[in-house]
1. Return the residues of the stretch 93-133 that are away from the ligand (no atom under 13 Å from the Cβ), under 20 Å from residue 62 (Cβ atoms) and in contact with a helix residue (DSSP H, G or I) (Cβ under 6 Å, 6 or more places away or on another chain); say none if nothing qualifies.
2. Within the stretch 134-157, is there a residue that is in contact with a strand residue (DSSP E or B) (Cβ under 6 Å, 6 or more places away or on another chain), part of a loop (DSSP other than H, G, I, E, B), under 28 Å from residue 182 (Cβ atoms) and more than 14 Å from the ligand (Cβ to nearest atom)?
3. What pairs can you find where one residue is in the stretch 131-142 and modelled with pLDDT of 95 or more, the other is near the ligand (Cβ under 7 Å from one of its atoms) and part of a strand (DSSP E or B), and their Cβ atoms are less than 6 Å apart, with a gap of 6+ or different chains?
4. Residues of the stretch 38-77 being over 24 Å from residue 187 (Cβ atoms) and either surrounded by fewer than 14 Cβ atoms within 10 Å (Cβ to Cβ) or within 8 Å of the ligand (Cβ to nearest atom) (or both), which ones?
5. Go through the stretch 50-93 residue by residue and tally those that are under 12 Å from residue 163 (Cβ atoms) and over 15 Å from the mean Cα position of the chain (by Cα).
6. Looking at the stretch 63-91, I want the residues that are more than 22 Å from residue 194 (Cβ to Cβ) and have a partner that is within 10 Å of the ligand (Cβ to nearest atom) and in a loop (DSSP other than H, G, I, E, B) with Cβ atoms under 7 Å, at least 6 apart or on another chain. Which pairs are those?
Ligand SMILES: C[S@@+](CC[C@H](N)C(=O)[O-])C[C@H]1O[C@@H](n2cnc3c(N)ncnc32)[C@H](O)[C@@H]1O
């Protein structure tokens, strides 16, 4: 009888774990770089890469130098992180939620010999510790920029440059706006802000 009750409990516990996920199946994260403080935790934007010439313009507008620490929030295939480290000599960090893109971009960084300058964190950008950033790059949506703005205002030091591809940061005044035509003739807008 007692044995049957214990067995019943075990079945219930296993059913709950199966429904809500096993704790050890969560993606690995660099704990020091992610904080549980920010509760939004979902895929908020699909992967659409920034064309290389537009990414270059973003980093040029922010006047990225080897002294900078560049964070790309939602780093996709890592192209902005790689460009910032490879062409501008900066330390660069991407934060990417999608496991496959995290794996692929991390492998690419290793392959290019950039591991001492660039890395990708696997996790939710809303939980990232970006205090050390001197430049932040974004290719999100206007609504997502509005969601992430409080985090930027809380963590970034005044003077940090924030560059957004195609989507404005409402409530902040863009210091510079540039239009860039990609190789297919599409026009992209790049907005440069300085953390007030
Ligand atoms: C439009 S793509 C931009 C990729 C890259 N930054 C670029 O400009 O080429 C947005 C990326 O954000 C990622 N993403 C969406 N929600 C996220 C979240 N909550 N935390 C981290 N990454 C996220 C998506 O997986 C996608 O790769």
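1. Listed by number, the residues that qualify are 114, 117, 118, 131.
2. At the first step, the residues of the stretch 134-157 found to be in contact with a strand residue (DSSP E or B) (Cβ under 6 Å, 6 or more places away or on another chain) are 134-139.
If we keep only those that are part of a loop (DSSP other than H, G, I, E, B) as well, we get 134, 139.
From the residues that got through so far, the ones that are under 28 Å from residue 182 (Cβ atoms) too are 134, 139.
Add one more test, that the residue is more than 14 Å from the ligand (Cβ to nearest atom), and what stays is 134.
Yes, there is a match, as at least one residue in the stretch 134-157 is in contact with a strand residue (DSSP E or B) (Cβ under 6 Å, 6 or more places away or on another chain), part of a loop (DSSP other than H, G, I, E, B), under 28 Å from residue 182 (Cβ atoms) and more than 14 Å from the ligand (Cβ to nearest atom).
3. Close Cβ pairs (under 6 Å, with a partner that is near the ligand (Cβ under 7 Å from one of its atoms) and part of a strand (DSSP E or B)) amount to 137/72; 138/73; 139/165.
4. If we filter the stretch 38-77 for residues that are over 24 Å from residue 187 (Cβ atoms), which is where we start, we get 38-44, 65-71.
39, 40, 41, 42, 43, 44, 65, 66, 67, listed by residue number.
5. From the stretch 50-93, those under 12 Å from residue 163 (Cβ atoms) are 50, 54-64, 68, 70-73, 80, 84; that's our starting set.
Next, only the ones that are over 15 Å from the mean Cα position of the chain (by Cα) stay: 54, 56-64, 68.
Total satisfying the criteria: 11.
6. As it stands, the answer is 76/47; 76/49; 77/49; 79/49; 79/50, since those pairs meet every condition given.
The values are calculated or read from the model by the stated rules, or taken from the named source; none is laboratory data. If you're wondering where the values come from, they're calculated on a predicted model, not measured in any experiment. Methodologically, a virtual Cβ is constructed for each residue, glycine included, from the backbone with ideal geometry; neighbour enumeration extends over all protein chains shown.
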